[in-house]
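Accompanying notes for the structure given below.
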Amino acid sequence: QVQLVESGGGLVQAGESLRLSCAASGSIFSINFLGWYRQTSGKQRELVAGITSGGKPNYVNSVKGRFTISRDNAENTMYLQMTSLAPEDTAVYYCNAYIRRSIRDPGSQFWGQGTQVTVSA
C-alpha cells in the first residue's frame, strides 16, 4: 500500500514556526509531489502551497512571504516551512502527490491523513 504520512504539526503560539514533512512509502515507481492543502472544520480543503512539475512554487495569498514549500521527489519527501504563524493558519494540513505504483500504473493522486496545526493568539 502506498502511503503519504504528514508530520510536524502541533500547537504553537502566534509568531512561531513549524516545519511540516510528508513522507511517501510503499510500492512507488515514481512520485510527483503536488503541494500542501489545509482544511478547517466546515470548510473546503484549500491549496496552501503548490508546486509545478517544473518545481515552481505558488502560494495562496494569505501565506505568501511566510510559508515555503520544498520537495525531493527522489527521496519521496516534501516539506512546508511555516513562519510567522497566525491563528488563521489553524487547520489540518494535507500532503498531496501523484504516484505511479508500477510501470503499468498510469498513476493517481494520493492524500495523507493530515497533521493538525493549531496556532494560539
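Just so you know, all these numbers are worked out from the coordinates, no wet-lab data involved. No experiment lies behind these values; they were computed from the predicted model shown. For neighbour counting, all protein chains shown are included, and Cβ atoms are generated from backbone atoms with ideal geometry for every residue, glycine included.
Descriptive notes on the structure:
- Nearest-0.05 FRET efficiency for Trp111 and Arg19, computed from C-beta distance (R0 25 Å): 0.80
- Taking label points 7 Å from Cα along the Cα-to-Cβ direction, Glu75 and Asn61 give a separation of 3.5 nm.
- 3J(HN,Hα) couplings calculated from phi for segment 74-90 with the Karplus curve 6.51 cos²θ - 1.76 cosθ + 1.60 (θ = phi - 60°) are, in sequence order, 5, 9, 6, 9, 9, 10, 9, 8, 10, 10, 6, 5, 10, x, 5, 7, 4 Hz; Gly and Pro show x.
- Surrounding net charge for Phe33, when Lys and Arg each add one and Asp and Glu each subtract one, Cβ distance under 11 Å: -1
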